[in-house]
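**Student:** Questions regarding the structure given below will be posed in turn.
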Amino acid sequence: MNSATDDLVAKYLDALHSADLDAIVSLFAPGAVVHSPLYGPTPAPEFYRALFIDTASAELTSKGVAEGRTSAGTRLVTFWFHFDWRLPSGVAAPFDVVDVAELDDHGRITTLSIVYDTVDVRPAFERETGSSWRSTEQDR
């Protein structure tokens, strides 16, 4: 693992934990998109703005980091962590998650794919927010 990768993951997890929108968005390239099971594909600034509104607190525990390349040769950083998410009402919605980040030549995230099982999280999220991206997409 190289120090740039360690630094990126540490900054990402710190910004996510502290709900620091400016810090987290600074890790993304302009036009970057986040693909989330709950929010759908969303421009990074909009995704984190919505996530932080929907978060009372978050405790994060790193479980591992891996580096690699996409089949097209784009640099990948994959980080696995436990996200002990608390919704605004204080309801717990914890899950283990793998974030797969595609990076540009400057080490900024261009695409982030968030992967986790929503079977336990989605009902709490939908009760709290009244919707999910899937219901919004189906209503169009």
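**Student:** Over the chain, calculate the relative contact order: mean separation of alpha carbon pairs under 8 Å at least 6 apart, over the residue count, as a percent.
**Tutor:** Answer for the chain is 22 percent.
**Student:** With label points built 7 Å along Cα→Cβ from the Cα atoms of THR74 and ASP20, find their separation and express it in nm.
**Tutor:** The two pseudo-label positions are separated by 2.6 nm.
**Student:** Over all alpha-carbon pairs in segment 29-140, figure out the percentage whose distance exceeds 19 Å.
**Tutor:** Value for segment 29-140 (Cα pairs over 19 Å): 49 percent.
**Student:** How many percent of all Cα-Cα pairs in segment 1-75 sit more than 16 Å apart?
**Tutor:** 58
**Student:** Can you say what percent of the DSSP beta bridges in the chain, counting only those with both residues inside, are antiparallel? Round to 5.
**Tutor:** Numbers: 31 of 35 bridges.
Counting DSSP beta bridges with both partners in the chain, the antiparallel share is about 90 percent.
**Student:** Also, I was wondering about something else. Give me the percent of the accessible area of the chain that comes from carbon and sulfur atoms, probe 1.4 Å, all protein chains in place. Before the final figure, lay out each step's value.
**Tutor:** Working: 3740 of 7360 Å².
Summing carbon and sulfur atoms, their accessible area is 51 percent of the total for the chain.
**Student:** Can you give the FRET efficiency to the nearest 0.05 for ASP84 and GLU126, using r as the Cβ-Cβ distance and R₀ = 25 Å?
**Tutor:** Values: r = 19 Å, r/R0 = 0.77.
For R0 = 25 Å, the calculated efficiency reads 0.80.
**Student:** 222 nm [θ] for the chain, helices only, -39500 (n - 2.57) per DSSP H run of 4+, per residue, to 500?
**Tutor:** Value at 222 nm, helices only: -9500 deg cm²/dmol.
The values are calculated or read from the model by the stated rules, or taken from the named source; none is laboratory data. The structure presented is a predicted model; accordingly, all values stated were derived computationally and were not measured. Counting neighbours? That spans all protein chains shown, and the Cβs are built from the backbone with ideal geometry, glycine included. Accessible surface is based on the protein model in full, side chains and every heavy atom, while ligands, DNA and RNA are left aside. Shrake-Rupley method; radii C 1.70, N 1.55, O 1.52, S 1.80 Å.
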